[in-house]
Structure formats: structure tokens, C-alpha cells
1. To the nearest 20 debye, what charge dipole does the range 109-191 have about its Cα centre, counting +1 at the Cβ of each Lys and Arg and -1 at the Cβ of each Asp and Glu?
2. For a 30 Å ceiling on Cα separation, which of these pairs sit above it: Lys102/Lys426; Lys104/Lys422; Lys333/Lys416; Lys35/Lys168; Lys177/Lys264?
3. Evaluate the charge dipole of the range 119-258 about its Cα centre and quote only its size in Debye, nearest 20, assuming +1 on the Cβ of each Lys and Arg and -1 on the Cβ of each Asp and Glu.
4. Quick one: check the C-alpha center-to-center distance for the range 352-367 versus the range 25-58, whole angstrom.
5. Could you sort 175-181, 425-431 so that the peptide with the highest average Cβ count within 10 Å comes first and the rest follow in order?
6. Express the carbon and sulfur contribution to the solvent-accessible surface of the range 90-220 as a percent, rounded to the nearest whole number, probe 1.4 angstrom.
7. With a 1.4 Å probe and all protein chains left in place, how much accessible area per residue does the chain have, in Å²?
8. So what's Rg/Rh here for the range 70-182, counting alpha carbon atoms and using the Kirkwood radius for Rh?
Amino acid sequence: MAGDSPSAVPVQLVEQPRLQKLKEMFISKFGSAPKFYARAPGRVNLIGEHIDYCGYAVLPMAIEQDILIAVEPAQTQVVQLANTNSSYLDFSTSVNNIQINKTKPQWHNYFLCGLKGIQEHFGLNNPTGMNCLLDGTIPPSSGLSSSSALVCCAGLVTLRVNGKTLSKVELAEICTKSERYIGTEGGGMDQSISFLAEEGTAKLIEFSPLRATDVRLPSGATFVIANSCVEMNKAATSHYNIRVMECRLATKLLSKSKGLEWRKMLRLHDVQSKLGVSLEEMLTIVEEVLHPEPYSTEEICKCLGISLEELHSQILSQNMQDVSTFKLYQRAKHVYSEAARVLEFQKICSEAPANALQLLGELMKQSHISCREMYECSCPELDRLVDICLQFGAIGSRLTGAGWGGCTVSMVPTDKLNAFLKNVKKAYYQTDGQRLAVENNSLFATKPGRGALVFVEA
């Protein structure tokens, strides 16, 4: 249940080869055995892209790939971090002086986000140090939330080491806020599903207040993840934060045109709820109020009746000061139409009509077109991969995660799954030597997995 805290599960290590191996590596690294293990999964978002930070519901599920951390509380106030993957360097720091470097999104900085979030929430004056060895199976920069899973796992570790408890919802909210220390203005989907996921069901995740509702996926189809092998790191590029800002500016212009208190309005959802209209009506309002041509900063100031100085100091964030044009019509159009597709997807899953798969597939295709044309968060490789997936039997296929690289998710009839995997492998991965090298982890069927938890040796 969402109200509970993540469970602590006793395990026999002999039955868990990955934990056993992690324990052995931990002992050879730190000279003693871990006291517990924490795990947080990655996720795939089935539909609802770039709308969580606008206040709208999304529809993800957890995947089995995860971040697993072996932990031993330390007598000193030092955090020592090591990674089973030798390309990620060891790191240590005092727990009393957490510095997070926004200019370099290195792996240990995501751990420090989760650590700092929990410390600040409880106002811990004397936090416990720890030795941690991390093992991750989520491909990095792939749009499957490896970074958020690491933040969540670090939050869970810090909570347990310091003898505190929180509900899953509270943990998700703290980890959402604390990931912003690294400069990403995320909306909360990734952290929420990492904690709130349950095996066998996807979740409709709604915000303000945060809540999760089971979504039973239709039988007869399997969701397949395919990695474009184009890496995209949200914290390292400005695309993502520019989109967040374009949505905020669209919110202000729409609010102003409707006589609302635009200075207080931050998210596109706020406009809809203040006006009390449907998503369809919001799309009509977007057509009436905003124009497809990009807006200059001067035009935005004119529409809002403010000076450039006020725009720069009050509305644009620090890293947006050099951006000179913003596309508001396209971004708002994507958000309101995508928010409607999420609700429609949920409705089809719950009503389960005979043609459910066709209807869901159609929504996924529409979502990808909107991401590509209106939100401009796709890339040529993702578009090609979606086309290949549809060509070889997917009923629906779309980019998932922030985009600009990363993965696609496709809905494939289960009886065609093996042929689909073979054909996509041949068409996308075997035409390119670099992709061939990583294709084993790049194309896989998935099913809804469970959320974050703690393992203790039985």
C-alpha cells in the first residue's frame, strides 16, 4: 500500500546469486560484511510524456532492472561509495558537508541528492556515516530512470542507516525534490513509481496530492523496450529544462488572457483547474490564445505587461537567461492532448473492450507523433526505431522517458513476440557495429515489477 513504508524482506543469500556476489565484493572492498541491501527499480513510462511537471497524471510501470546497494553503517561520519562497474570511480565525503556539483552529473552526485534530501527532511545534525557498494542494471542515459532510481535508493539507504521511517509517498516526494539539487526540474513520476510500484500492475500516478491507482494491462500483449543507443543525460543538456520553462511561460500567457492571477500560476494543469474546463476545451483555448510562431522574450513581456528585467529576474531560471525564443503553442498543445491520452489509456484498460489492443496502440502512436512534432523531444534514431517496431508487428510504439535519445516502448502481440525481437534485432542493431555490441541489454520484453525495498540476510 502507498501509505506503508518500503518493506524489509528477509532473504537467504544462497538463493540470491546477485546479492551473494555483491556481499563478497563488499567484503573484499571494505573488509566487513554489509548489514542490509536496498533496491530501487527503473521504470518505463507507457504513456504521458513530459506532463508530470505540468501537474498531469502519467502511466508508468517499474521494470526489473534496478539499482542495488549493499550498506554498512560506519562509526565515522564519512560516506564511502564504490561501484561494481569499474568505470564509475570510488568517492568519499563527510556526511556533514554534502556538496553537489551541478556542472557534472557524475554518478555519486545522484547518491548525494538522496542522502541530502533525507538529512534535510529530518534536520539530522549528527548523521550516520556508511560504506556502500552499488550495482546497477539499468542502462544509463536511456530514459529508464537510472538516475532517479539511484536517488531513491540512496534516500532509502540514508533513511534506514539513520533509523528513521517514512511512507512510500513521503519518500517519493522527498526524492523528487532532492533530485533538483542536480539541476533537473523533474515532475515526480520516476521517483513515485520507483517507490509505489507493485508487481503485475502498471500505475496511474497523479500529483498534488501524490497517489497511485492500479492499471491492469490487457492480456495478449507484451511491452518491449528497445534502446536507440543514443545517450541523453537530462542533467547535462538544457533541452529538458527549456521545455519546463516553455510550459511555465505558456501557463502565464494563457492565465493572463483569461484574467487569472497569472503571477501565481506555474503549471498548465493550474490553468485548467482554475477555469474548470475539460482538456478538450483547453486545446481550443490554446488555439485561440497562442500562435504557432516562436515567441521572443520581448513579445512575452508585452503579452504579460512586464519589463524584460522582471521576466529575467522573476520568471526565467538562472540557466534560461540566454534563451531568446520559446515555442509556447506547440508545448501546450502536446501537454493537454497527452494528458487526455493518459486518461483514455486508463479507461480502455479498465473497460477492456474487444479491440482494446488496437485502441491502446493508436494512443501510443499519437503520443509519439505529438512528442516528435509538437514537443520536439525525439531524434532521428528514435523515429527510425519506432518505424521498425511498427513494421515488424508492434500494435503501438513510442519514445519513452525524456527523449532526445534513450528508449522506445512497443506493445507487441505476445504470440508474435519472438519473431518481433528477431526482426528488430536484425533491422536496427545488426546494421550498426556499435549497437550490436550492446544489443543484448538493448532489446527486451518487460512486465510490471515491484517497487523499492530493503533486503536483510535471514
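The values are calculated or read from the model by the stated rules, or taken from the named source; none is laboratory data. None of the values given here were measured: they were computed from a predicted structure. With ideal geometry, Cβ positions are generated from the backbone for all residues, glycine too; neighbour counts draw on all protein chains shown. When the accessible area is computed, the model is the full protein with side chains, heavy atoms only, and any ligands, DNA or RNA have been set aside. Shrake-Rupley method; radii C 1.70, N 1.55, O 1.52, S 1.80 Å.
1. On the way: 6 positive and 7 negative charges, 40 e Å.
Computed charge dipole of the range 109-191: roughly 200 debye.
2. Those over the limit are Lys102/Lys426; Lys104/Lys422; Lys333/Lys416.
3. On the way: 14 positive and 13 negative charges, 114 e Å.
For the range 119-258, the charge dipole is close to 540 debye.
4. 29 Å
5. Details: 175-181: 22.4, 425-431: 16.7.
Result, highest mean first: 175-181, 425-431.
6. Exposed carbon and sulfur together represent 42 percent of the surface.
7. 41 Å²
8. With Rh from the inverse mean 1/r over Cα pairs, Rg/Rh is 0.93.
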